[in-house]
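A short write-up of the structure that comes next.
The values are calculated or read from the model by the stated rules, or taken from the named source; none is laboratory data. Fair warning: this is a prediction, and the values are worked out from it, not measured in the lab. Every residue, glycine among them, receives a Cβ derived from its backbone with ideal geometry; neighbour counts consider all protein chains shown.
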Amino acid sequence: MLLKKIVVAEDDDAIAHLVAAALGDAGFLCLRAHDGEEAISLVRREAPDLLILDVMMPHVDGLEVAKRLKADVLASRIPILMLTSLSAVDDRVKGLDAGADDYLSKPFDLRELAARVKALIRSAKRERERNPTTNLPGSTAVEDHVNLLLKQKAEYALLYLDIDHFEVYADAYGFRKADDVIAELGGLILERSRAYGGGDAFVGHVGGDDFVVVVGPEEAEELAQDLVDAFDTRVPRWYSGDTGPQQMAKRMTLSIAVVDAKTAKAESADDLARVLAQAKRASKKREESNYVVWKPDAT
C-alpha cells in the first residue's frame, strides 16, 4: 500500500523536522519545502495528498501560495492545512479566504496535528470519489464497500440498476437534460433506499446510467419493485417539453439485477460481478421496466 504523501512548507527547520517526524511515525511520507515558491513547485510536481503550509514564508507567503494553488485546476483539489503563529480571528479568516481547508495555530499539539491531517485526507478522498452529477459515491467507493462486506461475511443483497435506451434519449434531448434525468434518478434511488434500508443502505453511482444499491436481503425485492414503479411514474415527465421529440420508438425503461450475496455464495467481487451479469442480461431481455432476482440455477 502506497504511503500518503504530504508536502510540509515550513521555513523553520526545527518545526519542519518535528512535523515530519510526528507524521512519519503516523505512516505519512513528508516532503519539505523551504519557501513559498518551492512549495508551489513541489505540490504541482508531486501531487501530494495534503499540503501543510506555514503562513510566514520567504519569497511568497502562505496566503499567496494557497491562492495560486486553489486557482490551479489540478492542484486545487489538494487540501491545505495552514499553520500560523498569528492567532487573531482576522488572520484565520484571511487564511480560509485564501483557500486553506483548515487552520492550526502555533504552538500546536502533535496529536491534534496528526488528527487534523487524517481528517482532511479522508474528507478529500470522499469528495474525489463522489460522482459530480449525483454527488453519490463513485465506482471506487462502491468497490471498497462491497469488498468490506465480503471481508466481514455480512448478509446483504446487491441491486444493480441501469436505464435502457438512455443513449437514444440523450441524443434526442441533449446531454444537459440527460444529466438532469440521472441526477433526479440518483436522488430517487437514495430516497427510496433509505426508506427501506435506513442508515445501513448504501447507494453508489458507478457512472453513466448505472447505479448500485446495497440493502438487507429481506428488503431487496420490495425495494426493486418500488424503484421500478417510481421510475415508470417519472418517465412521462422526462419526455415533456419542446426540447426533443414527444414520442420515440422506445422510451427509457429501468432494468434491475438483484443478487443475494449469501444465495450466490459470493466470496469475491468477481463472483458478484458474474452473477450480476447473468441477472442483468435476463432483465434486459424484457421490454418493460423490471427486476430479475438471480437464482442458483440461472443460466
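Values as computed for the structure displayed
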| quantity | calculated |
| --- | --- |
| Complete set of residues in the stretch 1-45 that are without any contact (Cβ under 8 Å) to a residue 12 or more places away in the chain, not in a loop (DSSP other than H, G, I, E, B) and not hydroxyl-bearing (Ser, Thr, Tyr) | Asp13, Ala14, His17, Ala21, Gly24, Asp25, Arg45 |
| Restricting the stretch 48-74 to residues that are under 22 Å from the mean Cα position of the chain (by Cα) and in contact (Cβ under 8 Å) with a residue 40 or more places away in the chain, the residue that is surrounded by the most Cβ atoms within 10 Å (Cβ to Cβ) | Leu51 |
| Qualifying residues in the stretch 254-288 (those that are surrounded by 21 or more Cβ atoms within 10 Å (Cβ to Cβ) and of a type in the set (S, T, N, Q)) - the one farthest from Val181 (Cα to Cα) | Ser283 |
| The lone exception for Leu51 - which of (1) over 20 Å from Pro107 (Cα atoms); (2) touching a Pro at 6+ places or on another chain (Cβ under 9 Å) it fails | (1) |
| Which numbered condition Lys125 fails, given (1) touching a strand residue (DSSP E or B) at 6+ places or on another chain (Cβ under 9 Å); (2) part of a helix (DSSP H, G or I) | (1) |
| Qualifying residue in the stretch 35-48 (condition: farther than 17 Å from Ile6 by Cβ and touching a Ser or Thr at 6+ places or on another chain (Cβ under 7 Å)) | no |
| Checklist (1) out of contact with any helix residue (DSSP H, G or I) (no Cβ under 9 Å at 6 or more places or on another chain); (2) within 21 Å of Asp97 (Cβ to Cβ); (3) in a helix (DSSP H, G or I) applied to Val73, failing item | (3) |
| Set Asp61, Asp49: member being in contact with a helix residue (DSSP H, G or I) (Cβ under 7 Å, 6 or more places away or on another chain) and closer than 20 Å to Glu127 by Cβ | Asp49 |
| In the stretch 75-91, residue farthest from Asp35 (Cα to Cα) [restricted to those that are within 29 Å of the chain's Cα centre (by Cα) and of a type outside the set (A, V, I, L, M, F, W, C)] | Arg77 |
| Test for His165: is it touching a residue at least 12 places away in the same chain (Cβ under 8 Å) and on the phi > 0 side of the Ramachandran plot | yes |
| Whichever residue in the stretch 217-233 is surrounded by 15 or more Cβ atoms within 10 Å (Cβ to Cβ) and out of contact with any strand residue (DSSP E or B) (no Cβ under 7 Å at 6 or more places or on another chain) and, among such residues, is farthest from Val259 (Cα to Cα) | Asp232 |
| Subset of the stretch 189-210 [in contact with a helix residue (DSSP H, G or I) (Cβ under 8 Å, 6 or more places away or on another chain), touching a residue at least 24 places away in the same chain (Cβ under 8 Å) and crowded, with 17+ Cβ neighbours inside 10 Å] | Ile189, Arg192, Ser193, Tyr196, Gly197, Phe202, Val203, Gly204, His205, Val206, Asp209 |
| So Leu150, is it buried (at least 16 other Cβ atoms within 10 Å of the Cβ) and either in a loop (DSSP other than H, G, I, E, B) or assigned by TED's automatic domain parsing to the domain that holds Thr263 (or both) | yes |
